[in-house]
Structures are given as C-alpha cells and as structure tokens.
Amino acid sequence: MNLTHFKVFKTLAETGSLIKSSKLLELSQPTINHNIYVLEQHYGAKLFDRSNKKLKLTRFGQVLEKYVTEILNLVEQSEKHIERLVGELSGNLSLGASHTIAENVLPKIMGMFNHDYPEVDIHLEVTNTQHIVDHILENKLDLGLIEGPVTHEKVITKPFMEDELLVVLPYNHPLAIKKNLTLKELATLPFVLREEGSGTRVVMEAALKKAGLDPAELNTVMELGNTQAVIGAVEAGLGATILSGLAVTKEIQLKTVKTCRIANVSIVRYFSFILNKDKPLSPICETFLSFVTSEEVLKMFKN
C-alpha cells in the first residue's frame, strides 16, 4: 500500500465514476479497480458500494476518506515546505579538507549535496589538518573536515566516519604476500611519508609509539606534501607507507599496490568536522552537517 492507492481512492470517492477517475488519473479502469482491491484487502472491509451505477462509499470508506484526505494534505504541505527550504538555501560554503577526505570522500558527497541544493556554491581548500585548524580559528573557513586529532579550546570536533590506516606496499614487494607484518619487519622497510602536520602521519606515529616502535627509527627516505604523491612513490617502488585504506582503493583494483595490517596493532581513527566555537553555524553549515552524517551518505563508505 502506498500514496498512489490513496490518491486513486480519493479520486474515485469524489467522482463516483470509474470512467471519470480513469480520465483524471490517466489510468485504466482495471488498474483503478486493482488499487481499490489492494486497499480493501489491507483494511479487510469493502470501501465502495457497487450496487448502483454511481459508486458510493460504504461506512468503512467514509471513515477512510477522512484519513486519506488528511494524509494527502500533509504530504502536499511537506512537499511545498521542503521545496521552499531548498529554494531558500543559497549562498557560499567554505570548506577545508585534508587530502584523504578531499580525494576519497568529498567528491561523492559534494555531488549529492549539489544535486539537492544547487544554489549553494562550495569553495574547497585542500591542505593538512594543522592548516585547516588555523584557518577555522581565523574564520577563513566555515567547516573543516580532518583526519587527525585536534585539541584546542576554541575548536569543536565532531567525528562522523571511521577510517583504518594500513601498510601500503608495492604490488610485487616480497612482504606484500603477508596479511600482517611484525613491527620488526616494518622497521626494515624504507618509508615514504606525508609531511609533518598531516593528520595521517600524526595518527600513524601515535599508534606506532603506543605499540613500542619509535617512528624516528623508521627508515624514512622521502616526505611528500600530498597523498597521491606518496602513493605514486610507493607504486614506483621507492618505499612503503601507511595510509587510509580509502586512499588506495583504485590502486588495489589496478594491482599496483597491496595493503596489509600490522600484527596486534590497530590503527583506526575518525574523520571529523571541526568548527570555530565562537562562530555561530549558518543554515547552510547546519544543512551540510546533517547531510553528511545522514545514513544514506555514510552507508556509501561502509565496507
């Protein structure tokens, strides 16, 4: 049972004629009869008296008509309300996003958001977590989407998505056949890492320290300023790295890299929104926050 059944019922109740209802609804008479049959089966009662030429509501049909009228009116009101809200939501939204989020999460989200709110212009700055925090505090950005931890009394942090960091190796590396690497094996690898201040690096270093491996002891052969450059270096065989699994989805499919975990070490973090505590949220920001944290959006990124 759905709204179509109710619309057919209401039209037939108002016209009392299958022929007239068929013309108004642009449906065949058998289709109209089927819709009424579905309703009568659902409610377990006859809704129309068909003994005369003109169809009349039974007492059960009269009761249902009151509810159907109210339901259809509410649906119409809700459609007008939402349409008005969408039309009213216009203006600029300045976002800052760290590289992993900007490259692997935001494209889909921004496409969907733009479809629903075409009058909102999004301006995106892609940089590392520390720069985003600075720009949030300087009111250069409305919202930040970051990978690393933030502790600042004027910054509000709202986690919205879980993310796991994995060891990324060149596809034909001898250790790439393993599902888990030991810390000892990890220490033998040359590493290509993100720059200092990167959220990915902060989380990775904290996890390794907790596991008993000093990140300073890693054989770091190169530091690069964005995730794609790091992945390119790994593909070229220059070393291994530790990145979000989301960041190498395409490369895994293309069989240019492989990923594995560190034995007995879980490197899980949360992508988070950050806001300036002293800056009130605009309606556009509130709508974007609700949109990104909706079940429909988040389920796209669940494995």
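The values are calculated or read from the model by the stated rules, or taken from the named source; none is laboratory data. On a predicted model such as this, the values are computed, not experimentally measured, just so you know. All Cβ positions, glycine included, derive from the backbone under ideal geometry; neighbour counts span all protein chains shown.
Assorted remarks:
- Residue in region 136-155 that is at negative phi, surrounded by fewer than 19 Cβ atoms within 10 Å (Cβ to Cβ) and in a helix (DSSP H, G or I) present: yes
- Those residues of region 117-135 which are under 19 Å from VAL292 (Cα atoms) and either assigned by TED's automatic domain parsing to the domain that holds ILE82 or part of a loop (DSSP other than H, G, I, E, B) (or both), in sequence order: TYR117, PRO118, GLU119
- Count - residues of region 245-303 that are small (Gly, Ala, Ser), over 26 Å from ALA229 (Cβ atoms) and part of a helix (DSSP H, G or I): 1
- If the condition is being assigned to a helix (DSSP H, G or I), surrounded by fewer than 17 Cβ atoms within 10 Å (Cβ to Cβ) and of a type in the set (Val, Ile, Thr), then region 163-207 contributes only ILE177.
- Residue in region 260-275 that is in contact with a Ser or Thr (Cβ under 7 Å, 6 or more places away or on another chain), under 30 Å from HIS152 (Cβ atoms) and either small (Gly, Ala, Ser) or in the same structural domain as SER98 (by TED's automatic domain parsing) (or both) present: yes
- Being surrounded by 15 or more Cβ atoms within 10 Å (Cβ to Cβ), on the phi < 0 side of the Ramachandran plot and outside any helix (DSSP H, G or I) is a condition met by no residue of region 37-45.
- The sole residue among GLY232, GLY199, GLY245 that is closer than 17 Å to GLU103 by Cα and free of Cβ contacts under 8 Å to residues at least 40 places away in the same chain is GLY232.
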